[in-house]
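A short write-up of the structure that comes next.
Coordinate-derived values only; no laboratory data. Values in this document were obtained by computation on a predicted structure and should not be read as measured data. Please note: Cβ atoms are built from the backbone with ideal geometry, for glycine as well, and neighbour counts cover all protein chains shown.
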Amino acid sequence: DKLIHRIGRAQPVLCAMPARVVAPDDGESAAPLLYSTASPSMRTSKSLTGIDIQRGIDDRFHYCMVFDRDTSQDKDGILKNLTDVLDPKGSLESIFAGSVMSKWAEEDPELFRELGGSSIMMPNMHTPNMNMHIPNMNLNLSEMSMPGSQFVRMPRSKYVSIVFSKVKDLLTKTCGFEVCVRPSVDNDQLFLLIQMENVSTINNLASVFEVAKPVTNAAYALHDMEVPTLPSEAGRWNLFSKPPRVQAPLHMKFSLDRRTNFQESRNEILGRSKRIVDDLVKECEASRLDGSSSTRLRHIGIPVMATLVDEIETEPADSDRRAVLQRVFDFVYEELRQRSPAGGPYAAPPKETDRETFEQRLQRCRSPSLDELRTAELCSEIEELDMMQMVFKSVCSLVDVQAMTDQGIISGFFPMHTHGVLQGLQQGFGSMSARNVINLPNGGDIAAVREYFGDEVGFFFSWLLFETRAFAVPAVMAVIARARLLDFVQARLGTFLLTWFNQCFALALVAWVACLGANYEQVASRKALAWGIKQTQVASVKLPTYRKQLHGSSRVTAIRFFHWFVVMCILVETVLVAAYVSDVRKYWIQISQDPSTTPMVKHEMENLAKLGKYVITINIQVMAFLWRQLSRHIAAHENFRTMDEKSGAQMYKDFLVMSAVVYYPFIYLAFFASSVEGKSKQDCMIELETNLCLYFIVDIASMIGTMVVSQILKCRAERQEQATAKQLNKEFKYTDAEEQAKRQPYQDVSDDFMRIILSLGLVGMFAAILPFIAFVAWIGNRILIKVLAWKVTHILQRPLPRQQVGIGEWSGIVKMVAF
C-alpha cells in the first residue's frame, strides 16, 4: 500500500514476487503477490545503441539469472527435433549440491521415482561440462530405451521447469533472498532477479562468510585511540612536500556477539566518562584539580572530552557551572595535548606564539560528538559489494552455475549495475571528455573502482596506473635520446658523450625494470592494508568440480604433467619450424644472389623467401589456436580446489605460449635477420623499431575494434527483439536487467593483463637499443587505461566481485619478465 501510494498515478509494471523474505530460522514462508516494480525514481534514457531503457527500476537487485524459454535446442544448436533429456537425475546431480539433492529426495520422493533410480554418472564424479543430450553421447536411442533400462528420458521443457522451480525455491526459502521473475520484451527469456534485503538474512550470512569490515572512527575514539594511517600513494611522486596520509583502520570479521558486547561496553564507557566529568567539576570547585586527577583520563580521554563539550554547549553562557566546565575543559585539553601525536586533533599549535582561544579549542574538540559516540558501532555497515559477494557465495554453494550454462538452461548469470553509482563512474573514471582523456585517474578513482567492481578489477587498474606513471621515466629519457640535441652534441664533441648516454640509459632501464615489480608490491601491500584485504584471509571460491578423493592421485599428477608436456611440445615445435624455415630461406636467398642464377629462378627464390616469413607467422598462430583449445579441455580435468589455483597455474602456461607468439618476430629481426637475409644491422634496427611501433598501434586498434564489433552485435540483437515485440503488439522498452543481459559478459582480467605484461617485456628487451619504444609504450598505456575504463563502465556487464590480494600470480610473471 505504501508503494502504491508513493507511485501515485504512475502505471505500475506487475510481476510475481514474494511480499517479503522471511529468514530461514523464522519458520515461515513468503506468500506470493503481485508486486509493483515501478519506482518514483524510474526514468527513461537512451542506450548507446538508441534503445529506450527504464533506468532505476532494477537498482535494488543484486544479481540476474537469465533462463532461456526456447529450450528446443542447446547453445551449440545441435538439438533441433529431439527435445528429450537423457538421465535427468544425473543432470540434476551435476547442477545441485549433494546436500540439496539428498534433502530434495526426502521431500519429493515421487519426483525422484519419476527421474529414475540411477544415473549414468560415475560415483563421486562431477562432470559439469557433460552434455546430457543423446547426439553428444554417441549412444543408440533404441538401446537406451529398452525394457528394463535404468535410464529415463524426460521432455526438456519439463526438465528446465524443474530446475527453474528448484533454483527459485532455494533462493527464497533456503537463502532467504527476494526474487522477481520478469519476461523479456519478446518473451524468449525469463529474468530471475535476486535481492538480499532482509536484515536478519544479511547478518546471518555476514557471520557465516566472516565478512571483514573496518572499525569505525567512533569506536577508536570511544577507546581513546587514534585511527592508524599510512602514507598515500600520491605522496610517492611528490619529492618536495610531506606525503599525505590515509586512514587504514583495523578490519574485523562480522559477528553478532561481538557487536552486542561492544554496545554493552559502549554504554559502560559513556557512563563512566559522565561520572569522571562530575568528579572533575567537584574537584575544580574545591580547587583540588591537579596532576593526580589526570590518572583517571587514561584510556578514556576522548569520551570524557566529548561529554565535557556536550555539557558546555548545553549550559547558558553566563552561568557559573559553565565557567567551571571551561576550567575543567582546559585541564583535560592540556592533558590530551601532551600525549597527542603530531598532527592529531589535540596537537600543539605550530608556533609558540600562536595562542588558541577557548572557542577555537572547543571547535577542534566537537568531533567526535557525544551523540556520535552514543550511536557508535564497532564496524561499519554491510555495503553493496559485501552483499553481492555473500549472494554469489550462497548461490555457488548450492548450485553449479557453470553446469546450468553448459546444459543450455541459462544464458547468463551476472551482478546488476547500480545505475546511480555507475553513472558517476561513467562521468568521471570512464569519461572520454577532453579533460579526462588527458588526465590519468587518481587514487580516489581507483578506490571507487574497487568499491564498485571488486578487488580483482581494482588491483588491475591500480597496477596499470602504477606502470603508466613509472613509464614516464624511460619515456622522458627516450625523448632526449631521440631529440636533435644529441646530434648537435655529437657533431661538436664527438661520439663519446652519445655512447656514454646510451650506456647510462641501458643501465637505468635495467634498474627500472628490476625495481618495477618490487615497488608495486609495496604499493599493493599499502592498498591491501587500507582496503582491509591483507588483515583478513581471503577465502577463495571452491570449485564445484573439485574432488577431495582425487587430490594428489597419480591420475591428476599425470594430467598436470601432460599439460606441461603439451606446452613444451608447442614451444619446441615453434622453435624447430622457425629454425628450419629460416635455414631454407637463407638457402633460397643465397641462390637468388648467385650471379649465375637465371632471372626467372631468381624471381621465384625471392618470392619463396618472402613467403617463408608468413609460413612462420601462420605456424605460430595455428599453434596458439591449438593451445587455447587443448588447454581448456585439459584444465577441466586437473582437479584444482579453488579458482585461484586454477587461474594461477594457467597463467604461466599461457604466458610461455603467448611469449613465443609475440616475441619471436622481434627477436628474429634483432638477432637472426642479418645473417639469414643478408640485411645490414642498421636496416634490421630500422625495421625492428617500425614493427614495434606498429605492434603497439595495432594492439590498441584491435581492442577498440573488438569493442565496436560487440556494440554492433548488441545493436543487431536489440533491433531483432524490437521487430519481434512489434509482431506481438508490445511496447518495446528495456529494463535495466534486459539491457545489461545484452552486454558483453566480463570474463576476467587475464587477457588485458597478458597484453600489458607482453608490452612491458618488449620495452625491457628492446628499449635499451631502441629508446623511442619506451615513449611509444607510455603513450599506448595512457590510451589503454582510458579505453579499458570506458569499456568496463559502458560496454561490459558488471564483473563478479572476486576477492584478491594484489595482482595475484601476475606478480610472479612480472618478476619473470624483469629477470
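Compared with the direct C-alpha span, the chain from Ala323 to His603 gains 90.1 nm at full extension, assuming 0.36 nm per residue. Between Tyr580 and His551, residue separation times 0.36 nm minus the direct Cα-Cα distance comes to 6.2 nm. Separation of the stretch 360-400 from the stretch 791-819 is 27 Å, based on Cα centroids.
Here Glu372 and Ile480 are evaluated by their C-beta separation; at R0 = 56 Å the FRET efficiency comes out at 0.50.
Rounded to 0.05, the FRET efficiency of the Arg275 and Arg60 pair, given R0 = 56 Å and the Cβ-Cβ distance, is 0.75. Let me know the shape class of the stretch 370-485, please: from the alpha-carbon gyration tensor, a ≥ b ≥ c as square roots of the eigenvalues, rounded when a/c is under 1.5, otherwise prolate if a/b is greater than b/c, or oblate. It comes out oblate by the Cα gyration axes.
Site pair Gln426 and Arg716 shows an inter-label distance of 2.4 nm when each label is modelled 7 Å from Cα along Cα→Cβ. Computing FRET efficiency as 1/(1 + (r/R0)^6) for Asp751 and Leu230, where r is the C-beta to C-beta distance and R0 is 41 Å, gives about 0.80. Spatial offset of the stretch 148-190 relative to the stretch 567-601 amounts to 60 Å, using the alpha carbon center of each. Modelled label positions at Arg641 and Gln593, each set 7 Å beyond Cα in the direction of Cβ, lie 6.0 nm from each other. Spin-label model, Arg259/Ile686: points 7 Å from Cα along the beta carbon direction are separated by 7.2 nm.
Mind ordering 320-330, 767-777 by average Cβ neighbours within 10 Å, highest first?
767-777, 320-330
Which residues among the stretch 676-701 fall inside the zone where the amide N is under 19 Å from a point 7 Å beyond the Cα of Ile779, along Cα→Cβ? Within reach of a label on Ile779, which here means backbone N under 19 Å from a point 7 Å along Cα→Cβ, the stretch 676-701 contributes 686-701. Placing a label point 7 Å from the Cα of Ala701 along the Cα-to-Cβ line, the residues of the stretch 750-774 whose backbone N sits under 20 Å from it are 755-756, 759, 773-774. Descending by average beta-carbon neighbour count within 10 Å, the peptides 565-572, 798-805, 152-159 line up as 798-805, 152-159, 565-572, the highest first. Among 387-395, 625-633, 811-819, 262-270, the peptide with the highest mean count of other Cβ atoms within 10 Å heads the list, and the full ranking is 387-395, 811-819, 262-270, 625-633.
Length gained on full extension, Gln363 to Met101: 88.0 nm, using 0.36 nm per residue less the C-alpha separation.
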